[in-house]
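Working notes for the structure below.
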Amino acid sequence: MAAEKTWPRTIISCLVALTIGMAAQAPPPSPGSKTGNPTPGTPQPDPPNLANRITLTGCVQRTAENGAEKAGGSTDPNTPSDARFVLTKAERKNTVPAGTGTSSVAAASRSRTYRLNAIDSQLSPFVGTKVEISGEVLPLTFKADAGGSNAPTLQVEFVQKVASACL
């Protein structure tokens with residue numbers, strides 16, 4: 001009768017030991033490999049250039065044309081575009097870690113208006129509000145097809161509302 005009670009414990013102990021042994025044999029990721037890609041077979045984007053990263057406060061507004069149709073770009077709201085949103089009344093904040101915002105591109109961008117490169121769902125909830133927004137400043141290019149705007153473009157990485165209205 002004592003043997004009948006120890007038999008299930010023995011089986012469970014063996015299964016636990018086997019599981020631990022198999023998990024320990026899994027090969028570690030190779031050094032320098034990018035892991036955690038949610039879509040196998042699709043390359044991950046390069047990490048942002050921290051020297052080009054800045055933080056701003058300002059007001060998120062839709063562009064006058066509100067769209068890439070006039071700009072000749074994609075109309076898909078899930079495709080990043082700098083033709084849909086702008087940050088107005090922009091003020092630079094120095095709340096980023098040391099070494100960020102030190103590139104010549106970031107240092108030269110002292111505009112009060114920025115084109116925001118993002119998908120619709122990332123910025124739509126913030127239209128008409130004051131936000132703190134961080135991202136990578138892209139090299140300045142003149143966009144004659146977007147109303148001739150000479151505003152720098154910010155690749156949006158983070159956004160949070162700081163006031164419900166933009167005054």
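Numbers below:
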| quantity | calculated |
| --- | --- |
| Residue ID - surrounded by the fewest Cβ atoms within 10 Å (Cβ to Cβ), chosen from residues in region 72-123 that are among the small types (Gly, Ala, Ser) and under 24 Å from residue 166 (Cα atoms) | 121 |
| Count - residues of region 93-126 that are under 17 Å from the mean Cα position of the chain (by Cα), hydroxyl-bearing (Ser, Thr, Tyr) and either part of a loop (DSSP other than H, G, I, E, B) or on the phi > 0 side of the Ramachandran plot (or both) | 1 |
| Pairs, first under 19 Å from residue 79 (Cα atoms) in region 98-122, second buried (at least 20 other Cβ atoms within 10 Å of the Cβ) and hydroxyl-bearing (Ser, Thr, Tyr), C-beta under 6 Å, six or more apart | 115/153; 117/153 |
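Rule-based calculations on the coordinates, nothing more; no lab input. Small disclaimer: the values here were computed from a predicted structure and weren't measured. Positions of Cβ are generated from backbone atoms using ideal geometry, with glycine treated the same way; all protein chains shown enter the neighbour counts.
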